[in-house]
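The values are calculated or read from the model by the stated rules, or taken from the named source; none is laboratory data. Quick caveat, the model's predicted, so the values are computed rather than measured. Here Cβ is always computed from backbone atoms with ideal geometry, including for glycine, and neighbour counts include all displayed protein chains.
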Amino acid sequence: MGLVWLVAAAVAVVLASWAFNALVYLVWRPRAITRQLRAQGVGGPGYRFFAGNLAEIKQLRADSAGAALDIGNHDFVPRVQPHFRKWIPIHGRTFLYWFGARPSLCVADVNTVKQVLSDRSGLYPKSIGNPHIARLLGKGLVLTDGDDWKRHRKVVHPAFNMDKLKMMTVTMSDCAGSMMSEWKAKMDKGGSVEIDLSHQFEELTADVISHTAFGSSYEQGKKVFLAQRELQFLAFSTVFNVQIPAFRYLPTEKNLKIWKLDKEVRTMLMNIIKGRLATKDTMGYGNDLLGLMLEACGPEDGQNPLLSMDEIIDECKTFFFAGHDTSSHLLTWTMFLLSTHPEWQEKLREEVLRECSNGVPTGDMLNKLQLVNMFLLETLRLYAPVSAIQRKAGSDLEVGGIKVPEGTVLTIPIATIHRDKEVWGEDANEFKPMRFENGVTRAGKHPNALLSFSSGPRSCIGQNFAMIEAKAVIAVILQRFSFSLSPKYVHAPMDVITLRPKFGLPMILKSLEM
């Protein structure tokens, strides 16, 4: 009997401890943080037990999900970030809201954003609140911090120097040329055809990233893309759920699907890597991203490799998702805007034909496409592939003059900031590429206002890759086709980690080649 009582007493102590910790986490801590920030003048919608503000966010998103926009309306914030559109006018650019019991500080003031993103001391590490997003992206360069980030960057950075990128331009143009040939084959001479460009660009950028990341293994690489895309939609479906750590280990239907897809991705990447290692003695590691990583990580002189095999796999996942998905949507929204602004389509075509003639664009030719560059920058402002990014307070610290407790998520609503009239002027919601005539830093009233690739030391390492790819593909299209928006198109931008047209981009293309 004595043993039974001891066990019962121990269980009772554990349960009491859990109950006390839950009370602290779900009740006392939110109240204390709310009081602390309100004393500093920071308001917000108020914490609700357990769910925080997630129920209201979900309801606001559901209420706006069905409404399509006029084609000339570029303000999709009410569809994608309706909670920020509602709360900022009430509480200001900096306010407290709650993702479950986790405090989140909206940081929509550009000066405060600069403070967070320009930090080099590690005060604001990446926030990985959702394990499924982390699984999708891989714990590569995008999600690592501190010494791990420096180690990953040392390995990956050489793949993105301008000489390497110029060499990749030929691959990008060749992939685009193959896609154009397929379009041309669908047309009668001088005829036209309707094509969903959103789907086509997903295929194209998967092709480009497969060639540039995996070289001769690109066909296997493209299979990774298909599994990653399914994983992306599953991961996003959990974003606005309360994250209970233990639930990620339960064999639910969704978890089982995610585990299966993740295993498939890892297996495919491992097979590509094994194939490369098997031929390294005769063919070398290769000059693509994977080859550069394997070469940098090959143990030499008895030293430990810079990255483990698991880290290389994660880096491939990161590069594949970030490099493919964001690029495809940049191309999609660029073509949407070119089709709805025919005068700009003609201006850009004239520039492309003047600088590139009808030949394959080279890196040096693309550098001369100033109007194309301005057009892409304005597309990135209005239709940034990622609508928000997050950091967190690594310790108790001061953000924009506000004392913020450790662990607070700092949410930077890019789409909202890109439409701030105090930053961009009264025409902030209008499409005006000429605002970038004097460069990015002079386009708005703040030099760091364009956040499409983030900014500071953790800005996107692949931004030059994305811009060169977009220029190459758009140039090749303009050389060969004129195009207009199909009457079937419905303007309904939606956020699934990245911003995409809900119903695709049906476009009517006509060949310019006689």
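Quick notes
- Residue that is farthest from Trp333 (Cα to Cα), among those in the stretch 59-71 that are out of contact with any helix residue (DSSP H, G or I) (no Cβ under 7 Å at 6 or more places or on another chain) and modelled with pLDDT of 95 or more: Gln59
- Pairs where the first residue, in the stretch 361-383, is within 18 Å of Leu450 (Cβ to Cβ) and the second is of a type in the set (Gly, Ala, Ser), C-beta under 6 Å, 6+ apart: Leu376/Ala470; Leu380/Ser452
- Of all residues in the stretch 171-202, those satisfying the criterion of being farther than 20 Å from Pro361 by Cβ and either part of a loop (DSSP other than H, G, I, E, B) or acidic (Asp, Glu) (or both) are Lys186, Met187, Asp188, Lys189, Gly190, Gly191, Glu194, Asp196, Glu202.
- Residues of the stretch 138-159 that are buried (at least 18 other Cβ atoms within 10 Å of the Cβ) and either within 15 Å of Leu292 (Cβ to Cβ) or at pLDDT below 85 (or both): Gly140, Leu141, His152, Val155, Val156, Ala159.
- Looking across the stretch 413-467 at every residue that is of a type in the set (Val, Ile, Thr) and assigned to a loop (DSSP other than H, G, I, E, B), the one that is nearest to His74 (Cα to Cα) is identified as Val440.
Residue-by-condition table, conditions (1) modelled with pLDDT of 95 or more; (2) crowded, with 19+ Cβ neighbours inside 10 Å; (3) under 18 Å from Asn111 (Cβ atoms):
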residue: Leu353; (1), (2), (3): yes, no, no
residue: Asp364; (1), (2), (3): no, no, no
residue: Leu376; (1), (2), (3): yes, yes, no
residue: Thr379; (1), (2), (3): yes, yes, no
residue: Thr411; (1), (2), (3): yes, yes, yes
residue: His418; (1), (2), (3): yes, yes, yes
residue: Phe436; (1), (2), (3): yes, yes, no
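- Residues (in contact with a strand residue (DSSP E or B) (Cβ under 6 Å, 6 or more places away or on another chain) and charged (D, E, K, R)) located in the stretch 364-403: Arg391, Lys392
- Long-range neighbours under 8 Å by Cβ, at least six apart or interchain, first residue on the phi > 0 side of the Ramachandran plot and in contact (Cβ under 8 Å) with a residue 60 or more places away in the chain within the stretch 129-153, second surrounded by 15 or more Cβ atoms within 10 Å (Cβ to Cβ) and not β-branched (Val, Ile, Thr): Gly138/Asp314; Gly138/Glu315; Gly138/Cys316; Gly138/Lys317; Gly138/Phe321
- Enumeration of residues in the stretch 488-501 that are at pLDDT 95 or above, assigned to a loop (DSSP other than H, G, I, E, B) and surrounded by 15 or more Cβ atoms within 10 Å (Cβ to Cβ): Tyr489, Ala492
- Among the candidates Ile33, Ile88, the residue that is touching a strand residue (DSSP E or B) at 6+ places or on another chain (Cβ under 6 Å) and assigned to a helix (DSSP H, G or I) is uniquely Ile33.
- All positions within the stretch 249-304 that are in a loop (DSSP other than H, G, I, E, B), free of Cβ contacts under 8 Å to residues at least 40 places away in the same chain and surrounded by fewer than 16 Cβ atoms within 10 Å (Cβ to Cβ): Leu250, Pro251, Thr252, Thr279, Gly284, Gly298, Pro299, Glu300, Asp301, Gly302, Gln303, Asn304
- If the condition is being on the phi < 0 side of the Ramachandran plot, surrounded by fewer than 17 Cβ atoms within 10 Å (Cβ to Cβ), modelled with pLDDT of 95 or more and not charged (D, E, K, R), then the stretch 37-50 contributes Ala39, Gln40, Gly43.
- Of Met187, Met180, Met162, all but one fail to be out of contact with any Ser or Thr (no Cβ under 9 Å at 6 or more places or on another chain), within 25 Å of Phe503 (Cα to Cα) and hydrophobic (A, V, I, L, M, F, W, C); the exception is Met180.
- Val360 being aliphatic (A, V, I, L, M) and outside any helix (DSSP H, G or I): yes
- Candidate set from the stretch 237-255 (those that are under 23 Å from the mean Cα position of the chain (by Cα) and among the aliphatic types (A, V, I, L, M)); member that is modelled with the highest pLDDT: Val239
- Scan of the stretch 208-241 for residues that are in contact with a Leu (Cβ under 8 Å, 6 or more places away or on another chain), farther than 30 Å from Ala101 by Cα and among the hydrophobic types (A, V, I, L, M, F, W, C), ordered by number: Ala213, Phe214, Val224, Ala227
- Pairs with Cβ under 7 Å, 6+ apart, first in the stretch 488-511 and on the phi > 0 side of the Ramachandran plot and touching a residue at least 24 places away in the same chain (Cβ under 8 Å), second outside any loop (DSSP other than H, G, I, E, B) and of a type in the set (Ser, Thr, Tyr): Gly504/Ser198
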